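The values are calculated or read from the model by the stated rules, or taken from the named source; none is laboratory data. Predicted, not measured: the structure shown is a model, and the values here were computed from it. Counting neighbours? That spans all protein chains shown, and the Cβs are built from the backbone with ideal geometry, glycine included. SASA here: full protein model, heavy atoms, side chains in, ligands and nucleic acids out. Shrake-Rupley method; radii C 1.70, N 1.55, O 1.52, S 1.80 Å.
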Amino acid sequence: MEVTTPVRTLPYRKLELYEPEGDMLTLQLGPQHPSTHGVLRIKLHLDGEKIIKAVPYPGYLHRGVEKLCEQLTYVQMIPIVDKDDYIAPMHNEQALVMAFEKLLKIEVPRRGQWLRSLLSELQRVASHIFWLGTMSLDLGGALGGGSTNFIYCLRERELILDLFEELTGSRFHYNTHCIGGNRHDIPAGWAAKVHDAVNLIRARLPEYEAMSCNHRLFIERMRGVGVLTGALALELGITGPNLRASGVDHDLRRDAPYDAYREIPVNVQTAKEGDCLARTHVRLAEMRESLRLIDLLIDGMPTGPINSSRPAKQANQIKIPSGQAYASLESPRGELGTFVVAGNGEANTSPYRLKIRPPSLHALAALPYLLVGHNVSDAVAILGSLDPIMGEVDR
Amino acid sequence: MIFAASLAAAVVIVVLSATALALWYERKLAARMQTRIGPQFVGPIGLFQPVADLLKLVQKEEIVPMGADRVLFALAPPLTVIFALAAAAFVPLWPGVAVVRSDVGVLLVIGFGGLAMVPVWMAGWASFNKYALLGAMRAVAQSISYGVPLVLAAMVPVILAGTMDLDGITQFQATHHWFGLWPIIPGLPAFILFLLAMLAESNRIPFDIPEAESELVAGVTTEYTGMQFGFVYLAEYVHTVVGAAIGSVMFLGGWDGPFAPGLHWLLLKTLCLFTFIYWIRWTLVRLRADQLMTLCWKWLVPAGLGLVFLSAAWNQTGWSR
Amino acid sequence: MDGSWFGFLAFLLVSVISVGGLIVAAKVLGVRARGKSLLKERTYECGEEAEGPAWIRFHPRYYLVALFFVLFDVEAAFFFPWAVAEKTLGWNGLASIALFTGVLLLGWWYAVKKDALRWQ
Amino acid sequence: MGYFVDTLNSIGATVRNFLRPPVTVNYPAVIRPRPERYHTSFALLHDAPGDELCIGCLACERICPSFVIEIKQAPKRESPVTGKKRGYVEAFTLNLTACIGCELCVQVCPTDALVMLRTPEKPAFCREDLILDVKRLYANEKEKQAAWATGSRLIEMQDPNVGQPKVEKKPAPVAAAPAPAVTPVAASTPAAAPAPVAAEPAAAASEPIKGAS
C-alpha cells in the first residue's frame, strides 16, 4: 500500500492558508471503531462537537451472499445465509426457506410451524437481550457500568444459545430450517429447560432495567435523542421496533401472520416518542411479549411430523422450475424478506436471482436525518438504538 | 532531613505499589460484580497480574505518529504520573507527620490535582489525532469546570476547622467530630460534592467522557503505545487512590479512629472510598459532555457556594463548640 | 527552605526517578521495528485516511467556559483567606463575603439564562 | 435526588450479582458438558466386521455449501468381509478451516460413514492441523467420541410420514460411538449413548411434550 504525502508538509502550519472551514472537523467514525456494531463508516462533519452532517458508508462487510446463492443449490443455501444477521440466524434461514416454500407451494406441518415460531421467539429474546447489552456498552463504556450490564445480558443470552445447541447441535450455524419444515425435532426434556430459561430471564429483567433504562442517567442520555418521526420511518422503509417506537402500529406477525402466529395473537408493542428511549422501551416490552409467547408455544406444541417433504439426500434434490416469490417475516430488527427469481439454466437447482431485504439497511438510511444537530456521544447512542447488524446490511 | 527523605521515598513507593495492588483489586471486584472470576493465573489468585501488565507494556514498541509534536508527545505521559503523585506528599500519615506539612496544604493539593490536566492537554494536542484532540478538549473543559465545585467542597472543612493545614484539619476532626458525620448538613453534602468533583477530576464514570472509549476510541491515549500509554493509565489510578486518601483526610478524619489512631485507619478509609468509587464506576453509564457541564455549572457550583455559607453560619452559631 | 520542603524535593526526586526508570526500562526492553514504516506511523482515524488536519481553530464558545473558570477561581482565591479567618471575622465577615458572592452570582445567573455555559 | 435513588437501585442489582456464584467455566481446566447433538470435527467409521463404511459416492462432496470436502474414488473392489463388489475412497480430504458445521454431509451419507464428533474442539497450531485426510478421519473414529447425528438418524427425524408403519430396510448402523479413549474430560461429558427419546422422532412426536394441550 502506498502512503501519500506525509502530514507534516500539509499547509496547515501557515496561518494564511487556513481555509474558511478551518474550524470544522471531519471525523471518520468507523470502520475500526469500538461502537459501530461491526464495520460501518460514518463520516461526521463536526462543528465543535456538534454534528452538522453525517454520511454513513456501509459495505465493509460485503461478502456477496446473494451472488453466492446463485451458484449454490437450494439445499446448500440455507446454512450460508445464517451469517447475514449474525445476532439472529434463525430468522435468516426461515425467511429464505419461506420464499422457496411459497414457490413450491409446500405447506409446513403444524408441529413444524409451531416449532419455527418457538425458535423465532427464542431468537428474538436472545437478539433483544444482546441489543440491551451492547446499548449499555455504547453508553457506559467497556470499562464501566455498561460492560457490567453487557455481561449480565450475555449471560442470559447464553441460556438461549444453550437451548439451541441442545436442539440443533450448534450455537450459531443452526441449519435447522429446511424446505418444508425443520431438520431437528425437540429432544427429551427440552421443554422444561425452555420454561426454566424463560422464567429466569423474566425474573432477571428488572435487574437489567435497574442497570439501564430505569436509571435516570440512562434516561437522560436517551430521551429526546434521535427522534424518528413515523412519516420519515415509513418513507425510508424502516420496520420493526424502530418503526413501532415511532408510533406506527405495524408487525408482520399480526398483520401478515405466518406459522403459529395465525393461531396465537401477538400483542404488538408500540411507543409514540420515536426517540432512543422509546426504542428501548419497545424492545424491552417485546422481550416480555416474546417470553409470554414462548410459554404458550412450548405448552401447546402439537404432535406430528416436523417436515412435510422428503429430507434432502442430494444437493440437487430440490428443483424450482421458474417463477418468483417474495416472503417476509418479522425478525428482531424488522421485516426480513427474501425475493427469489427461480429458474437458472437447465437444472433449475439454483435461483436466477436472490435478493434479501435486510431491515437494518433501511434503519441505517435514517442516520443522516437523525444524527444532525446532536453531538458525538449521541451519535453512538442513536446508532446503537437503531440496532443495525452490519452482516445483514452488507450481506 | 534523612527522615524526611526516606519518608518521601517510602511514600512514593507505597503509593505506586498500592496503585498496582489497586489495579488487581479493581479487576477482581469488577469480575465478581459481573459474576466472573477475574485474574487468576499470574501468582496466587492473580495477585501479580499488574506486574505482568507492566512487563508487557514495557516491552511494547513506542510509536510516535507522524505529524505529532514529538517533544510534547513524549513529555506528557510521565508528567501526568508525577503530578498525580505529587498530591500524595501532603497527606498526613499519622499525627503530625506528612512528607510536607504546609499551612496551605488544601490549596496545594487542589493545585496539583488541577495541574494534572496540563499534560493531558499536551498529550491530546501533540498526538495530531482528532479523537485525542476531542478527548483533550473535553478533559480540559471538565477539569476546569469541576475544579470550582472541588474548591468549594474543600472549603467547607477549611471553614469548619479554621485552618488550611491538612494535618490541622484532621486534628480538629479528631478532637471534635468527623466532618462527614457532624455537622451533618454542610458536612455530608460537602463530602458527596467532593467525591463527585473528585470523580470528575480523575475521569471516572460517570464522568469519564475524556476517554469515552465507545465514542472517542481511547481519547487522549489513542496514539500512545507501550509504557507511554501505561503512564497515562497509571496516573489515573494514582489520581484516584490519592484522591480517596485526601477525601478521607478532609472529611472522614484521616488517621483518626477508635482504639489506636494511626496509618492503618487512613489506609482502611482510603480502601473503603476506593471501593465505593469503583463500585460506582462498574455500575453506572457515563454522562454526556453537555450534561456534565450543565450539572457542574447549574447545580454543583451554586450548591457548593451554599454549603460554604452554611458552614460559615454553623461556625457562628453556638453549637459549633 | 525548611525541612519539610526538602522532603517535597526528595518526593519529587523519587517520583521522577521511578518514572524515569520505567522510561529507561521501556527504552531498553521495548522492541523496535527494523525499518521505518510510514503506515505504522499514520494517525489513527478508524482505519480511514484522515481528512484535514486535527489541529483546528476552536469555536469562541470554548473560551467562555475557560473565562468562567478564571472568574470562579479568582473568587476562590478570595474565599480562602476569608475561610481560614472565618471564625474570628464573625457575622460581619460573612456579610461582606456574601455581598461579593451575590454580585458574582448575579453574573452567573445572567450567563445561565443566556445559555452561555452549554457545551456543544 | 432521583439520581441517587436510581443509583442505589443499580447498586442493588450489582450487589445481588456480586453475591451470585461466578458463571465462568474455566475453559481449559473444566469443559462444560456438551449436549448430545453437539458436533464439531469429523470422523469416518468402520462397520461391525471392520470394513470401511465409506463407498465414495461423492454425495457429501456435492452437497457441501463451502466445498471443503474432496474425495478421490478408488476403483471398485470386493469387500474383504462380504465379498461383494463395492466402492472405496482413495483420498478423503476435509478442510476444517472453511467448514461451517451445517451437518449436511452427515445427513446425505447413505451408509452413515461420515459422522461429526462430540469431543470438544481443540485449537490447532497450524492450518495443516485443520485439514483432515483419510487417515486422520479414521483415527478420529477410534480416539474421539462421535456425535449423535448420523445420516439415517437425521433423515428419520425429518421423516414426513411419522406414525406410519415403516419397513425395516437395512440393519442398523454400527453404534457410532466407540468409547472415548484419550478424552481428558470424561468426567464432564455424559455417556456416549444417545437418549432413546431424542433418537426416535416417532416416539417424541407421538408422546406429547410435557404440558401439551
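Looking at chain A, which longest stretch skips every one of the GluC sites (Glu not before Pro) that is in a DSSP loop with at most 10 other Cβ atoms within 10 Å, leaving the sites themselves out?
A:3-345
Please enumerate, by chain and number, the lysines with C-alpha under 21 Å from the C-alpha of D:Lys76, excluding those fewer than 8 residues away in the same chain.
In chain and number order, the partners are D:Lys84, D:Lys85, D:Lys135.
How much accessible area is lost when chains B and C come together, counting both sides, with a 1.4 Å probe, in Å² rounded to the nearest 100?
Between B and C, the summed buried area is about 6400 Å².
Which far-off residues, 5 or more places away or on another chain, put their amide H under 5 Å from the one on A:Ile42, with H placed in the peptide plane?
A:Leu29, A:Gly30, A:Tyr57
Could you run the numbers on buried accessible area between C and A, total for both chains, 1.4 angstrom probe, in Å² to the nearest 100?
2100
Under a GNM of chain B (C-alpha, springs under 10 Å), which listed residue has the highest mean-square fluctuation: B:Met155, B:Met66, B:Met137?
For chain B, modelled as a Gaussian network with Cα springs under 10 Å, the answer is B:Met66.
The range A:95-133: which residues show an accessible-area loss of 20 Å² or more, assembly versus chain alone, 1.4 Å probe?
A:Arg111
Under the Karplus relation 6.51 cos²θ - 1.76 cosθ + 1.60, θ = phi - 60°, what is the ordered set of whole-Hz ³J(HN,Hα) values for the range B:248-264, x standing for Gly and Pro?
Rounded to whole hertz, the list is 6, 5, 7, 10, 10, x, x, 6, 6, x, x, 6, 10, x, x, 4, 4.
Chymotrypsin sites (Phe, Trp or Tyr not before Pro) within the range D:101-162: which are DSSP loop residues with at most 13 other Cβ atoms inside 10 Å?
D:Phe125
How much FRET efficiency would the formula 1/(1 + (r/R0)^6) give for A:Lys102 and D:Glu78, where r is the Cβ-Cβ distance and R0 is 45 Å, rounded to 0.05?
Result of the calculation: an efficiency of 0.35.
Grab the other residues whose beta carbon is less than 10 angstrom from that of A:Ile382, score K and R as +1, D and E as -1, and report the net.
Taking every other residue near A:Ile382 into account, the sum is -2.
For the range D:74-140, what is the accessible area per residue in Å² when the probe is 1.4 Å?
Roughly 52 Å² per residue, with all protein chains present.
Between B:Trp255 and residues 5 or more places away or on another chain, which pairs have amide H atoms under 5 Å apart, with H built 1.01 Å from N, and which residues are they?
none
When you have a sec, figure out the Kirkwood radius of the protein assembly as shown from all distinct Cα pair distances and drop it here in Å to one decimal?
Here the Kirkwood hydrodynamic radius works out to 32.3 Å.
Under 1.5 on a/c is rounded, so check that first for chain C, then, if it is not, pick prolate when a/b is larger than b/c and oblate when it is not; a ≥ b ≥ c are the square roots of the alpha carbon gyration tensor eigenvalues.
oblate
With the dipole of chain A worked out from charges on the C-beta (+1 for Lys and Arg, -1 for Asp and Glu) around the Cα centre, which of A:Ile219, A:Tyr74, A:Gly141 lies farthest toward the positive end?
A:Tyr74
Can you give me the % of accessible surface on the protein assembly as shown that is carbon or sulfur? Probe 1.4 Å, all protein chains present, nothing else counted.
Answer for the protein assembly as shown: carbon and sulfur cover 65 percent of the accessible area.
Could you give each residue of the range B:115-123 its phi-based ³J(HN,Hα) in whole Hz, using Karplus coefficients 6.51, -1.76, 1.60 with θ = phi - 60°, and x for Gly or Pro?
5, 4, 6, 4, x, 5, 5, 4, 4
Please check: in the Gaussian network model of chain C (C-alpha springs, under 10 Å), which one of C:Leu105, C:Leu71, C:Leu29 has the largest mean-square fluctuation.
So, out of C:Leu105, C:Leu71, C:Leu29, the one fluctuating most is C:Leu29.
Which chymotrypsin sites (Phe, Trp or Tyr not before Pro) in the range B:192-269 pass both tests, a DSSP loop state and at most 12 other beta-carbon atoms within 10 Å?
B:Phe259
Using the beta-carbon distance between A:Ala347 and A:Val372 and R0 = 60 Å, what value does 1/(1 + (r/R0)^6) give for FRET efficiency, to the nearest 0.05?
Rounded to the nearest 0.05, the efficiency is 0.75.
Would you pull out the residues with amide H under 5 Å of D:Tyr88's amide H, same chain only if 5 or more places away, H placed 1.01 Å from N?
D:Ala74, D:Arg77
Leaving out ligands and nucleic acids, note down the accessible area per residue over the range B:96-247 with a 1.4 angstrom probe, in whole Å².
22
Show that you can apply the helix-only estimate: for chain B, add -39,500 (n - 2.57) for every DSSP H stretch of four or more residues, divide by all residues, and state [θ] at 222 nm to the nearest 500.
-22000 deg cm²/dmol
Which ³J(HN,Hα) values in Hz, rounded to whole numbers, follow from the phi angles of the range D:22-38 under the Karplus curve 6.51 cos²θ - 1.76 cosθ + 1.60, where θ = phi - 60° and Gly and Pro get x?
With the stated coefficients, the range D:22-38 comes to x, 8, 4, 9, 6, 3, x, 7, 10, 10, 5, x, 8, x, 6, 8, 4 Hz.
To the nearest 0.05, what FRET efficiency results for D:Phe4 and A:Ser322 with a Förster distance of 41 Å applied to their C-beta separation?
0.05
If the elastic network links every pair of Cα atoms under 10 Å, which of A:Leu161, A:Leu44, A:Leu68 fluctuates the most in the Gaussian network model of chain A?
Its mean-square fluctuation being the largest, the pick is A:Leu68.
Per residue, what accessible area does the range A:103-229 have, given a 1.4 Å probe and all protein chains present, in Å²?
In whole numbers, the range A:103-229 has 24 Å² accessible per residue.
With a cut-off of at most 10 other beta carbons within 10 Å, and DSSP calling the residue loop, which chymotrypsin sites (Phe, Trp or Tyr not before Pro) in the range B:25-114 qualify? Please list them.
Counting only loop positions with at most 10 other Cβ atoms within 10 Å, the chymotrypsin sites (Phe, Trp or Tyr not before Pro) in the range B:25-114 are B:Phe41.
Report the label-to-label distance for B:Gln316 and B:Leu268 in nanometres (one decimal), using points 7 Å from each Cα along the Cα→Cβ vector.
Inter-label distance under the simple model: 3.9 nm.
Counting helices only, and only those DSSP H runs with n ≥ 4, report the 222 nm mean residue ellipticity of chain A as the sum of -39,500 (n - 2.57) divided by its residues, in deg cm²/dmol to the nearest 500.
Computed mean residue ellipticity for chain A: -14000 deg cm²/dmol.
In Å², nearest 100, what accessible area do chains D and A bury in total when the solvent probe is 1.4 Å?
4200
Check each residue of the range B:95-115 and keep those whose accessible area, probe 1.4 Å, is at least 40 Å² smaller with all protein chains in place than in the chain alone; give them in order of residue number.
B:Val100
Could you check the spin-label model distance between A:Arg310 and D:Ala29? Points 7 Å from the Cα along Cα→Cβ, value in nm.
Result for the modelled spin labels: 5.4 nm.
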